[in-house]
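Working notes for the structure below.
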Amino acid sequence: MLSDLKKLYRRFKAWQENPFEYHDSHIHHGCCNCGAESENNYCPRCGQKAVHGPITWRSVWQGIMDVWGVGTRSLPYTLWQLLWRPGYLIRDYISGKRQVSFPPVKMMVIVGLIAMLADNWMTDANSQSAADPITSTGLIYYWDLVTTWLLNHIEWVTLVAFSYCIIPIWILFRSAPAYPGHNLPQGFFIQVFSATQFLLIGTFLLEPIAVLFSLGVDIIIGSTVTVVVPIMLLINYKQLFGYGWWGTFWRVLMIIPFGVLIYRLMVRIFYAVNSLLVEPGDMVMEFWQDLMIIADVLMLMWLLAEIVGVINRKSWRELGWQAFKRPLLIAAGALLTGFACYRMGVDGAVTGLVQSYINIIA
Ligand SMILES: [Zn+2]
């Protein structure tokens, strides 16, 4: 009994790591399209698939299933993989095995649309009624317009939220044992897969549970942010990057401060540009304050990245004290910009970070 379970688990594990086996057809055939003879799965001259013979009832079935993609690339099978081997699927894809997955961006859009429809169907239509009219001016108006729209379209918030992870993940995981040196475009696809997975779990697991037990939105969002997403990311990044549980855990935890800082950076840059373009004159002081905050946030991010870099490379083992020279220099710089923020009477990067943590807890 126990050994059966063990065997089953080993088979599952093997499937997780590599579910695909490719064989040549080894049947000599003439291509139905161009007539070239071969033993391959695809015609070497025109590219038509070998199994595509004359039109039969089987072709009707294949034609219908084509909507969802075919074979290993089918949408249902890719979603199935996204549930049971998410990190391995992502690693396969970014390392060049494109055939294992339905085109990811297309998949994300389709799942997003289905999630939106399901969401409208399951939740009360009244809950999305009249928002406050937007009264702000200048570029801020567009910022408010976009954020209001996003708040009413929670599915797309997911995608925006995950895109914040691209840079933190690159900083934290670029020395990973299973896939070292991933680049930012690969980081983009990592987040596309993660966002799709989140939409899938949210729409077809969490939301039905919420409707079934008539749980409040607060409980659902709270438990999603504190439990579901961290577990999801932990499993994804462990499979994808190959660190142990602890190594994955602290890196996933570090996404939060980086995410908060990047958000702050974007908001401040936006406000700085706004005060320059729209209301020059009266807002000059605020412009310099924004610039100082931007500098401080950048310094703190740089410092965090340096610390992670030292841990990633384990360079202190060979270099000793030398490994900390640059981090210490940057720490001094961060102290300077932090002090400047304090003198200007604005919240620096550290204060802002602490405040967001208090907001999250409260
Ligand atoms: Zn052919």
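The values are calculated or read from the model by the stated rules, or taken from the named source; none is laboratory data. Quick caveat, the model's predicted, so the values are computed rather than measured. Note that each Cβ is placed from the backbone with ideal geometry, even for glycine, and that neighbours are counted across all protein chains shown.
Of all residues in the stretch 80-92, none are exposed (fewer than 11 other Cβ atoms within 10 Å of the Cβ) and either free of Cβ contacts under 8 Å to residues at least 12 places away in the same chain or within 16 Å of the ligand (Cβ to nearest atom) (or both). Would you call W156 over 14 Å from the mean Cα position of the chain (by Cα), assigned to a helix (DSSP H, G or I) and surrounded by 16 or more Cβ atoms within 10 Å (Cβ to Cβ)? Considered against the rule, which asks whether it is over 14 Å from the mean Cα position of the chain (by Cα), assigned to a helix (DSSP H, G or I) and surrounded by 16 or more Cβ atoms within 10 Å (Cβ to Cβ), W156 comes out as no. Here W68 fulfils each of the conditions (1) within 16 Å of the ligand (Cβ to nearest atom); (2) aromatic (F, W, Y); (3) in contact with a Phe, Trp or Tyr (Cβ under 9 Å, 6 or more places away or on another chain) apart from (1). The residues of the stretch 15-53 that are more than 10 Å from the ligand (Cβ to nearest atom), polar (S, T, N, Q) and not in a loop (DSSP other than H, G, I, E, B) amount to a single one, Q16. Checking each residue in the stretch 212-227 for being assigned to a helix (DSSP H, G or I) and loosely packed, with under 13 Cβ neighbours inside 10 Å picks out L212, V217, D218, I219, G222, V225, T226, V227. Of the candidates G96, G87, the single residue that is in the same structural domain as Y179 (by TED's automatic domain parsing) and not in a helix (DSSP H, G or I) is G96.
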